[in-house]
Amino acid sequence: MEYTQKLTLINTPILKTMFVKTLFILAITIVFANCSNPQPETKVQTKDSITKAPTDTVRKPTKSTDKITDKSAPVKTTTTVNNSTVHVVYKNDYCGGAAPSKEILDNFKTEYPLSNSTIMLQNTIAGSQPFRVNTNNEGIISAPLDAGTYNYYMTENYSKTTGISFSSSCKIWLARCFGQVTIIAGQTGGYKILFNFGCNPCEPPRP
């Protein structure tokens, strides 16, 4: 009976109106509470806002004054000797055959001027290019040469009337280095180049 009376009271128009108003006020309160405490804004990271990690950069030279130089590298210096005078001579060897006389053997010991011929010189410094020089009628070279040591070679241009036992058709002979000559700074003369031809390496030994 008591429970039935309570339900009857709630169902009265006045109580219904009050109940509805109470719910409405409660809903408004909750909405305003949420508005007064806004949730923290979540930002979306865009491509423009991303900061790239620093990377190592290689600095490349762009101008001639911007090149990196090794100050510890040695500086190559050369001293030019003008008009160096070099005597170029040759001698032949006995290469077999009939037993030679003393006079013939003495002739093989004699040095003769390599006249009117072209020889090749090459400085022993790495990377040096070979060059050719000519001898005059007396077998003398007069040319400006840098101080240093030179290897010397024969060429295919030589006087065939000098009596030398050399043939440029033998490529081994033509490529042979016959010796070295050293040019001294401040000294213009007193140099000699000797071509000791020996026997033709392209021919078999004579008995």
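Taking the condition in a strand (DSSP E or B), of a type in the set (Ser, Thr, Tyr) and surrounded by fewer than 13 Cβ atoms within 10 Å (Cβ to Cβ), does residue 182 pass? Yes, satisfied. Which one is nearest to residue 195 (Cα to Cα) among residues in region 102-158 that are basic (Lys, Arg) and more than 41 Å from the chain's Cα centre (by Cα)? Per the stated criteria, the residue is 109.
We did not get these values from a lab; they are worked out from the coordinates using the rules stated. Every value quoted in this text rests on a predicted model; they were computed, and no experiment measured them. Note that each Cβ is placed from the backbone with ideal geometry, even for glycine, and that neighbours are counted across all protein chains shown.
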